[in-house]
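Peer 1: Please see the structure below; I have some questions.
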Amino acid sequence: MADYSIREITIPPTVNSPEAADFLAAVELRNLVEAHGYGSNELSYGAAELLPGWQDNEHAPARMFGLFQNGRLLARGTFETRRNEGMDAAWVSVAVHPEFRHRGMGTALAEFVETLAREQNRPRLLVYTVSPDAPGERLPSPTGFGSVPLENAEVRFLTQRGFRLEQVERVSRLPLPLEMEDLKRQLADAQARSGEAYRLHYWRDFTPAKWRDDMARLLTRMSTDAPSAGLEEPEDVWSVERLIADEEREQSSPRAFLTVAAEHVASASLVGFSVLSVPAETSRAVMQDDTLVLRDHRGHRLGMLLKLANLAHLQRVSPGHPSVITFNAEENRPMLSVNEAVGFVPVAYEGAWRKDLV
């Protein structure tokens, strides 16, 4: 490969800024690669939806790099970190236009981001990438749950670069709308199982002031309580200030965020929550974001209660979407059981990979 350059892509203040052209092209490339890998465009995002997530330089710095040939963006790499003390990890990715693969572009970008990781003393690289199903030998996850096709191009690329598979994630889809009578019945059953010890609270976009401390605590626990196998995902500390800034930044996105949280009545504190990320267009899929129940409060069907309650909330306030998409570790049997009982079905699998730089 010749006549190419790698340069950092400017994160613009808005998608309408004069300097937004490269960012818009990178989002278009992202969506093309995602659709190619997942066999569906339901995971596509608009530039305005993604932009807020690239603008948190204080807590979660994220940088994007493009490989350009003759002025055209043909590949992009990402490099994301956290500013928490002692953090040694970086989340990285490389995506190449499907028509321009096997020309060294992925290798060039991978070497670029790995050099950056060394310079910033981030020796632990974490990668999540879809692995389409294929015949032949498979590479099993060391967790004992799930596998990826051994001869897939992304699997060969990562193993040749010294990454090791640590976990497989299931991508599941729930067709909408749900049959309301069935949903009401399941919700009533989950409420009966959880009992009067818990009370649900709902909000859209902004966390009520009285729950901000609790939500910051829950978001921090989300980073450590979700199964991460040998990835050893580091703790991502949230404060009330970070929560407020994040919610204010997301106001520039056309997406809405529907949250349901469970209060433990005796302690008057939140012990679980679930979030749906809802696009403005009803023709597009809803994303299931975080769902968490604190360990001390598991076994009361709260996970099922939170999922069902937010799905019912979605159908009340934003009906018409075709589906909900969610990601879960393949070894997270309790949450997968909840999803399956609700009606989610597997549609794709991701590999979660780790490389330790030496």
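Peer 1: Of the residues 51, 116, only one is without any contact (Cβ under 8 Å) to a residue 60 or more places away in the chain and either touching a Pro at 6+ places or on another chain (Cβ under 7 Å) or in a helix (DSSP H, G or I) (or both); which?
Peer 2: Working: 51 fails: without any contact (Cβ under 8 Å) to a residue 60 or more places away in the chain.
From the options 51, 116, the qualifying one is 116.
Peer 1: Related question: Starting from the stretch 63-85, take each residue that is farther than 11 Å from residue 3 by Cα and list its partners that are of a type in the set (Ser, Thr, Tyr), counting only C-beta distances under 7 angstrom and pairs at least six apart or across chains.
Peer 2: Within 7 Å, the pairs are 64/78; 77/93; 78/93.
Peer 1: I would also like to ask the following. What number goes with the only condition from (1) open to solvent by 40 Å² or more (accessible area, probe 1.4 Å); (2) modelled with pLDDT of 95 or more; (3) within 30 Å of residue 144 (Cβ to Cβ); (4) not aromatic (Phe, Trp, Tyr) that residue 272 does not pass?
Peer 2: The single condition residue 272 does not satisfy is (1).
Peer 1: Kindly list the number of the only condition in (1) surrounded by fewer than 21 Cβ atoms within 10 Å (Cβ to Cβ); (2) touching a Leu at 6+ places or on another chain (Cβ under 9 Å) that fails for residue 347.
Peer 2: (2)
Peer 1: Quick one: count up the residues across the stretch 307-333 that are in contact with a helix residue (DSSP H, G or I) (Cβ under 9 Å, 6 or more places away or on another chain) and either open to solvent by 20 Å² or more (accessible area, probe 1.4 Å) or part of a helix (DSSP H, G or I) (or both).
Peer 2: Step one: filter the stretch 307-333 for residues in contact with a helix residue (DSSP H, G or I) (Cβ under 9 Å, 6 or more places away or on another chain), giving 307-309, 311-312, 315, 321, 324, 326, 328-331.
Imposing the further condition that a residue be either open to solvent by 20 Å² or more (accessible area, probe 1.4 Å) or part of a helix (DSSP H, G or I) (or both) reduces the set to 307-309, 311-312, 315, 330-331.
Going through the stretch 307-333 one residue at a time, the tally reaches 8.
Peer 1: Do the conditions hold for residue 281, that is, is it open to solvent by 40 Å² or more (accessible area, probe 1.4 Å), over 23 Å from residue 49 (Cβ atoms), of a type outside the set (Val, Ile, Thr) and in a loop (DSSP other than H, G, I, E, B)?
Peer 2: no
Peer 1: Return the pairs, sorted by first residue and then second, in which the second residue is assigned to a helix (DSSP H, G or I), the first residue lies in the stretch 170-188 and is of a type in the set (Val, Ile, Thr), the beta carbons are less than 9 Å apart, and the residues are 6+ apart or on different chains.
Peer 2: Every condition considered, the pairs that remain are 171/38.
Peer 1: Next question, about the same structure. Report, ordered by the first and then the second residue, all pairs with beta carbons closer than 6 Å, sequence separation of six or more or different chains, a first member in the stretch 206-226 that is closer than 14 Å to residue 259 by Cβ and at pLDDT below 95, and a second member that is part of a helix (DSSP H, G or I) and open to solvent by less than 60 Å² (accessible area, probe 1.4 Å).
Peer 2: Short answer, once both residue conditions are applied: none.
The values are calculated or read from the model by the stated rules, or taken from the named source; none is laboratory data. No experiment lies behind these values; they were computed from the predicted model shown. Cβ coordinates were reconstructed from backbone atoms using ideal geometry, including for glycine residues, and neighbour counts include every protein chain displayed. To get the accessible areas, we keep the full protein, side chains included, count just its heavy atoms, and leave off ligands, DNA and RNA. Shrake-Rupley method; radii C 1.70, N 1.55, O 1.52, S 1.80 Å.
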